[in-house]
Amino acid sequence: MAKLHLKPPEAMVVHCIDPRFQPAFREFIRHHLGFQEGEYIPLVVPGSVASLGTSISSLMPKHFKVFKDHLQVVFDSNQVRRVVLINHEDCRGYASLMRRLQRFVKIDLSKKQIEDMKFATGVIRQMAQRFTQLQFELYMACIGADNEVTFQDVLTGEMIVFEKHPSPASVPPQEPAGERAEPTTEKEKPQANRRGSEDNVLS
């Protein structure tokens, strides 16, 4: 039976709701960021930080306010020290929101996603001024060959390589050294023992 995770979360991770990317996000959060479920606050919204981006506050103030209100609840209720923002390529939520802005400004979607993550960093830092040691990490999930998802560190430009470790549930239990389970069927018993039993019967 599952129990409450009582240890305070270490971070907040913001990413998109796109179902195509959820397995990749989970692997990245677990194997690169090093968080298990319950150790971080997931803030999953359409377009990730799109609603905190440049131009949104003036052209779409309701979106901007709603997102800030969600963030304020996080900071009022938790002592996070690490904020991770993740955008991804071919983001339908982002594209939907940006189509409304294209009436006012010309948009290069990929560049704007990166600009918005940096802009959102400033917005969040201002909201969480009491957390003087707040650390930010910005990542872009990219679609490669055979639909493989890779992650780029936006601040350094480096592509992230992380080793995937099997979960405890996927690793078969091993028998302790020097111990072996007793055979449970007649076929598993040593041939010599079966012959000995047959000789006893004949005698």
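The values are calculated or read from the model by the stated rules, or taken from the named source; none is laboratory data. Just so it is clear, the structure is predicted and the values come from calculations on it, not from any experiment. With ideal geometry, Cβ positions are generated from the backbone for all residues, glycine too; neighbour counts draw on all protein chains shown.
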Worksheet item: Which condition breaks for M98 when tested against (1) farther than 29 Å from E148 by Cβ; (2) touching a Leu at 6+ places or on another chain (Cβ under 9 Å); (3) surrounded by 17 or more Cβ atoms within 10 Å (Cβ to Cβ)?
Response: (1)
Discussion item. Looking at the range 118-131 only, could you name the residues that are under 23 Å from the mean Cα position of the chain (by Cα) and surrounded by fewer than 14 Cβ atoms within 10 Å (Cβ to Cβ)?
Written reply: G122, R125
Practice prompt. Answer yes or no as to whether F104 is modelled with pLDDT of 85 or more and over 18 Å from F136 (Cα atoms).
Written response: no
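Looking at Q135, is it at pLDDT 90 or above and touching a Lys or Arg at 6+ places or on another chain (Cβ under 7 Å)? Write out each step before concluding.
Details: at pLDDT 90 or above: yes; touching a Lys or Arg at 6+ places or on another chain (Cβ under 7 Å): yes.
Yes.
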Worksheet item: Can you tell me which residues in the range 52-108 are outside any helix (DSSP H, G or I), polar (S, T, N, Q) and within 17 Å of P9 (Cβ to Cβ)?
Response: N78, Q79
Response to the item:
Only one of (1) in contact with a Ser or Thr (Cβ under 8 Å, 6 or more places away or on another chain); (2) in a loop (DSSP other than H, G, I, E, B); (3) at pLDDT below 85 does not apply to P46, and that is (3)
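Assess whether I17 counts as being in contact with a Pro (Cβ under 8 Å, 6 or more places away or on another chain), at pLDDT 95 or above and closer than 28 Å to T150 by Cβ.
Working: in contact with a Pro (Cβ under 8 Å, 6 or more places away or on another chain): yes; at pLDDT 95 or above: yes; closer than 28 Å to T150 by Cβ: yes.
Yes.
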Worksheet entry | Residue list for the range 1-55, restricted to those being of a type in the set (S, T, Y), more than 15 Å from the chain's Cα centre (by Cα) and within 15 Å of L85 (Cβ to Cβ) | S51, T54
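In the set E10, E27, E115, E37, which member is surrounded by fewer than 20 Cβ atoms within 10 Å (Cβ to Cβ) and modelled with pLDDT of 95 or more? Walk me through how you get there before you give the answer.
Numbers: E10 fails: modelled with pLDDT of 95 or more; E115 fails: modelled with pLDDT of 95 or more; E37 fails: modelled with pLDDT of 95 or more.
Only one candidate passes the filter, namely E27.
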